[in-house]
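Note sheet for the following structure.
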Amino acid sequence: MNSKESPEIIGQVVAADIASFTAQSIELHRAPPLGSLVQTDGPIYAVVCDARTESVEGRRPVAHLSGETDLQSFLDANPHLRHLLRTTFDAVVVGHGESATLRHYLPPHPAPIFAPLRLCPQEEVARFSESLDFLKLLLSAADNSDEVAAACLRLASAAHPDPRAFLLTAGKELARLLPNEPQRLTAILRRIRP
Amino acid sequence: MTLDFQRLAKQLDDLAPRLREQAEEGRARLPQALDAARAWADRPDSLRERLNAASTSWLLAEPLGEPIDATFPAPPVPDEYVALASDGSHVDVDRHSPVSCYLLNMGRVRIRYGSQPEADLASQPELAFEDERLVLSDRSDASHEDVLSGNLLAALRSVREVELLARLATEEDSGLPTLALLDGTLVLWGLARRELRGEVKRVLLDEGIIRALDDLKTLAGQKPIALASYISHPGGSEVAHTLRLAVCPLPQAQPPRPVDCRRCPREADEPRPCDAVGLTSDRPLFRALLGPGQRSAVFRRTNLEPTSIEKQFYSQHSVAFFYLRTPDGVPDDIARVEMPLWIGQDEQKVGLLHTLLIDQCRRGLGYPLAIMEAHEQAVIGGPEREAFRRLLEAQVTAEGFSTAPSGKDLSKRARWL
């Protein structure tokens, strides 16, 4: 993707505080992958840490296959369902600011409700992850922060010219951040092993 | 807590034996009612004559052409079809509120099944606060005004539901078989006879439901559209009453006489002769007759009071109906499907209604999915009602008016104990 083009909008913020936000996916079942870097206008950067698809009105779905053997044909046979379900995802805020003033710490304000969200293109991911200062925020955020951090580093590595070198640097940074938690460190390192 | 449950519990204890008694009574009467239905199945003309000559207060049902005990399996479901439905809910005028207004919320659904699946689910609120929409003034009597609240507002909502369905049917351009559905009955119930004049008659009937039904009739002549309203677990008993007339001994007496309930040949304190087949509703009869997914014969309602709304104003749209048993695989229910007579007389449309309703029941786990979703779109829940009240108050306050609630309203919201 050309960096001049604005990437496609994938969701809209529906709840936010300074350190995290929840967004609704534009398309059902199309939340960005775990660990991917997203941005609002502003921009505020965040890493996707969880996602779910559920009923819009708190109704409880009941399993109801009637001959369909895959999800797509089930949704096609029940076209109203797309209107009754929504996919939302949570993201941990990891930085903010334009490239000249890019900061790998929390912004002064939460992301505005209804702010459109875009998936960061590869060059943006590479630029943001040049500094690994955001890892500290990620490791202390979500319940599944180790999984999120590992997924984030795996995805970010692909944006760098030498993914292996990036992951080695990231491993060293993790060792610095988790000096007293060898088991946790090992678990993350296993997940990002090139 | 002001409801004394201990006292209530004692009264509930008396309910169980009565329920058992009723069930036993129904079980005993059902075989005889079925015998009566079978006995008259091939004599539709004699049955019609007997019904027409009868003097009774009961509402009756006359089969439109099929035997009274007939059952029909559903025709195959078309691969592609469209389901339309509309439903409404309302917040009534509250005289304790600082503003006189009512709110209608109309839900609508269009679902297309088949190779190009799509759905449109939406709701549209309508807030009325202007005098001319709140009060219907009678042009022929300056002192006569009808406030659109209570039963009149409920009737207006029913009118809006049919109007919305007519609009959806007008916009439907797929050319596919189309099911147009309403919840409940097609007739505007709950209006007192004295209310049906002047502006009320004009707004609700002439330019309301009758015009919308006229439009739907024209559309149904141009497109493959079938219109019906669906009543789950219905309480109607016209067919059961008809069977009572069918076994009345008066026409067999010497000399034979027409059925006349004022001359019932019962002994004092004894049951009526027709009680032997007397079911409390049509439901048990059709539960015994219909297999899963089947429909009954199409009936028209007869013996309506000359002053009833249906008799006076519905003319060509008078109600026909059939009973339907939900298909296998979903909760068992006997439903009543009401339609204007011009649908009931059209064999093809009746077949279309039948098969599409069965498919909708299958999709909606025992209740037509399109109506269920239209209802979900329309319904105004408790928290939404409260939010609406607050918004109204905020608007009034913003204009600098007092929102002082009535004493009664205040007493409900702020008690000191």
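Rule-based calculations on the coordinates, nothing more; no lab input. The structure presented is a predicted model; accordingly, all values stated were derived computationally and were not measured. FYI the Cβ positions are ideal-geometry reconstructions off the backbone, even for glycines, and counts take in every protein chain you see.
Between the helical axis of B:382-398 and the longest alpha-carbon principal axis of chain B there is an angle of about 30 degrees.
Remark on B:GLN294: its backbone amide H falls under 5 Å from those of B:ARG325, a criterion applied only to residues 5 or more positions apart or on other chains, H modelled at 1.01 Å from N. Once each part is reduced to its C-alpha centroid, what is the distance from region B:224-275 to region B:165-223 in angstrom? Taking the Cα centre of each part, region B:224-275 and region B:165-223 sit 31 Å apart. Hey, for a label at B:GLN395 modelled as a point 7 Å past Cα toward Cβ, could you say which residues of region B:91-118 have their backbone N under 17 Å away? Within reach of a label on B:GLN395, which here means backbone N under 17 Å from a point 7 Å along Cα→Cβ, region B:91-118 contributes B:91-106.
Relative to the dominant Cα principal axis of chain B, helix B:15-40 is inclined by about 60°. Using equal-weight Cα scatterers in the Debye expression, the normalised intensity of region B:10-115 in log10 at q = 0.18, 0.22 Å⁻¹ is -0.95, -1.15.
Counting Cβ atoms of other protein chains within 10 Å of each Cβ in A:78-87 and taking the mean gives 5.
Across region A:73-82, rounded Karplus estimates of 3J(HN,Hα) from the backbone phi angles (6.51 cos²θ - 1.76 cosθ + 1.60, θ = phi - 60°) give 5, 5, 5, 5, 6, 10, x, 6, 4, 4 Hz, Gly and Pro being marked x. If only the Cβ of Lys and Arg carry +1 and only the Cβ of Asp and Glu carry -1, the dipole of region A:9-192 around its Cα centre is close to 300 debye.
Here the Karplus curve 6.51 cos²θ - 1.76 cosθ + 1.60, taken at θ = phi - 60°, turns the phi angles of region B:131-148 into couplings of 3, 5, 9, 8, 10, 9, 8, 7, 5, 8, 8, 4, 8, 9, 10, 10, 7, 7 Hz, with x standing for Gly and Pro. Between the beta carbons of B:ASP45 and B:THR71, assuming R0 = 22 Å, the FRET efficiency works out to 0.55 to the nearest 0.05.
Inter-chain Cβ neighbour count for A:109-121, averaged per residue, equals 0 (cutoff 10 Å, partner chain atoms only).
Placing unit charges on the Cβ atoms only, positive for Lys and Arg and negative for Asp and Glu, gives chain B a dipole magnitude near 980 debye about its Cα centre.
Computed from the Cβ-Cβ distance with R0 of 45 Å, the FRET efficiency linking A:SER73 to B:GLU267 stands at 0.10. Across peptide A:89-95, the mean count of Cβ atoms from other chains lying within 10 Å of each residue's own Cβ comes to 0. Within region A:65-101, name every residue whose backbone N is under 19 Å away from a label modeled 7 Å from Cα of A:ARG127 along the Cβ vector. Of the residues in region A:65-101, A:94-101 have backbone N under 19 Å from the label point off A:ARG127. Take the Cα of B:ASN151, go 7 Å toward its beta carbon, and the backbone nitrogen atoms of region B:297-331 under 14 Å from that spot belong to B:308-310.
May I ask you to derive the relative contact order of region A:9-192, considering only C-alpha pairs under 8 Å and at least 6 residues apart, and to give it as an integer percent?
Numbers: 323 pairs, mean separation 50.2, N = 184.
Value for region A:9-192: 27 percent.
The protection proxy used here, the mean number of other Cβ atoms lying within 10 Å of each residue, ranks peptides B:235-246, B:175-186, B:69-80 as follows, highest first: B:235-246, B:175-186, B:69-80. Per-residue Karplus couplings for region B:281-291, computed as 6.51 cos²θ - 1.76 cosθ + 1.60 with θ equal to phi - 60°, are listed in order as 8, 6, 4, x, 4, 7, 5, 6, 7, 8, x Hz, Gly and Pro entered as x. Between their Cα atoms, which of B:LYS217/B:LYS349; B:LYS217/B:LYS311; B:LYS223/B:LYS311; A:LYS136/A:LYS172; B:LYS311/B:LYS349 are more than 21 Å away from each other? Beyond 21 Å: B:LYS223/B:LYS311; B:LYS311/B:LYS349. Along the axis of the charge dipole computed for region A:9-192 (Cβ charges of +1 for Lys and Arg, -1 for Asp and Glu, origin at the Cα centre), the listed residues A:VAL47, A:LEU132, A:ALA111 are led at the positive end by A:LEU132.
Would you list B:CYS274, B:CYS264 from fewest to most Cβ contacts within 10 Å?
Ascending number of Cβ neighbours within 10 Å: B:CYS264, B:CYS274.
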